[in-house]
1. Residues that are touching a Gly at 6+ places or on another chain (Cβ under 9 Å), away from the ligand (no atom under 16 Å from the Cβ) and closer than 19 Å to residue 10 by Cβ: does region 213-223 have at least one?
2. Can you tell which of 227, 202 is part of a helix (DSSP H, G or I) and among the aromatic types (Phe, Trp, Tyr)?
3. Is there a residue being more than 23 Å from residue 123 (Cα to Cα) and near the ligand (Cβ under 9 Å from one of its atoms) anywhere in region 42-65?
4. Confirm whether residue 90 is near the ligand (Cβ under 8 Å from one of its atoms), buried (at least 23 other Cβ atoms within 10 Å of the Cβ) and modelled with pLDDT of 95 or more.
5. Take residue 23 and decide whether it is within 13 Å of the ligand (Cβ to nearest atom) and assigned by TED's automatic domain parsing to the domain that holds residue 155.
6. Please state which one of 131, 85 is closer than 19 Å to residue 16 by Cβ and of a type outside the set (D, E, K, R).
7. Hey, among 234, 224, 239, which residue is in contact (Cβ under 8 Å) with a residue 60 or more places away in the chain and under 19 Å from residue 174 (Cα atoms)?
Amino acid sequence: MKIGFIGLGIMGKPMAKNLLKAGHEVVCFDVVAANVADVVASGAVAAKSSADVASQVPVVITMLPNSPHVKSVVLGKDGVLEGASEGLILIDMSSIAPLASQEVEKACSEKGVRMLDAPVSGGEPKAIDGSLAIMVGGEKALFEEMKDILLVMGASAVHCGPIGAGNTTKLANQVIVALNIAAVAEAFTLVRKAGVDPHLVFDAIKGGLAGSTVMNAKAPMMMDGNFKPGFKIDLHIKDLANAMDTAHSVGSPLPLTASVREMMETLHADGFGGDDHSALARFYAKVSGTTIGE
Ligand code: NAD
């Protein structure tokens, strides 16, 4: 199939390349020319704008930072709806506020464009090997229609409910990931400060109840002092802000999330917003005077 892809950053680039590898044609756009050139070098065709992408394909995928970007790319000048014909399908795979997904879908449906929200979990490594976990909101029938395309990029795609439900699921995912990283950073700082080798602690506990995908991915980064993203602190702040807005609107307090968000805000203020979220270890280094790594 001919598929449009808008937003070719850390995640979008490998996802678009996996569509190409699976034999799909890809028409792509990003505001950063170097990102477009990279995907074009793998066989995609460059478009002039988001509208230009939408005018050439039956399905458009977006993978953008946050709600304002998705609104501008879909609803704005030279946006998807400007180029869309009736019957176009939009799959927004960005992590955005569920309410924003609902707003964008409403505008799409007025133009005869059908939409799914389909954010992902797994980060760059799983985007590269096509094994993302995909959580989907929208019409069940549309989900079934698009499932094969989603499974080119992911190992699983679960229909979670109506439009916005994919992003509500993603917010739960981001709360769990953030708190888990903070727990690992807190505990590994403790052992380091108490004079026990964090590498041995990792080996001793990773197979027990404290073990997790998050610990396996992030503890080695903390022990190496390697905070190259990955998933940037600033993007996680965005997700936790969306989680808190959504939670408060339904009367569900998030006390632990609020604490970790403030730790991330501290890192942002210190100039580390572009670091991987495993840099929560830097927060603990600041308050304890001890780094987890050598
Ligand atoms: P990124 O910042 O690397 O990529 C975003 C891309 O969107 C950039 O290439 C940027 O130039 C492009 N863009 C921005 N505005 C645009 C516009 N108006 N028109 C066209 N292109 C535009 O971000 P990322 O890490 O790839 O994340 C993308 C989304 O996926 C985010 O919502 C993020 O929360 C989510 N996500 C990221 C990860 C991760 O580990 N990086 C994991 C899961 C989900």
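1. No, region 213-223 contains no residue that is touching a Gly at 6+ places or on another chain (Cβ under 9 Å), away from the ligand (no atom under 16 Å from the Cβ) and closer than 19 Å to residue 10 by Cβ.
2. One residue alone meets the criteria, 202.
3. Yes, region 42-65 has at least one match.
4. On the way: near the ligand (Cβ under 8 Å from one of its atoms): no; buried (at least 23 other Cβ atoms within 10 Å of the Cβ): yes; modelled with pLDDT of 95 or more: yes.
Here the answer is no, as residue 90 does not meet what is asked.
5. Answer is no for this residue.
6. 131
7. Numbers: 234 fails: in contact (Cβ under 8 Å) with a residue 60 or more places away in the chain; 224 fails: under 19 Å from residue 174 (Cα atoms).
Only one candidate qualifies: 239.
A quick yes/no check of all residues on (1) surrounded by 17 or more Cβ atoms within 10 Å (Cβ to Cβ); (2) within 11 Å of the ligand (Cβ to nearest atom); (3) free of Cβ contacts under 8 Å to residues at least 12 places away in the same chain:
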position: 119; (1), (2), (3): yes, yes, no
position: 134; (1), (2), (3): yes, yes, no
position: 138; (1), (2), (3): yes, no, no
position: 155; (1), (2), (3): no, no, no
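The values are calculated or read from the model by the stated rules, or taken from the named source; none is laboratory data. Computed from a predicted structure; not experimentally measured. Every residue, glycine as well, gets a Cβ built from its backbone with ideal geometry; the counts of neighbours run over all protein chains shown.
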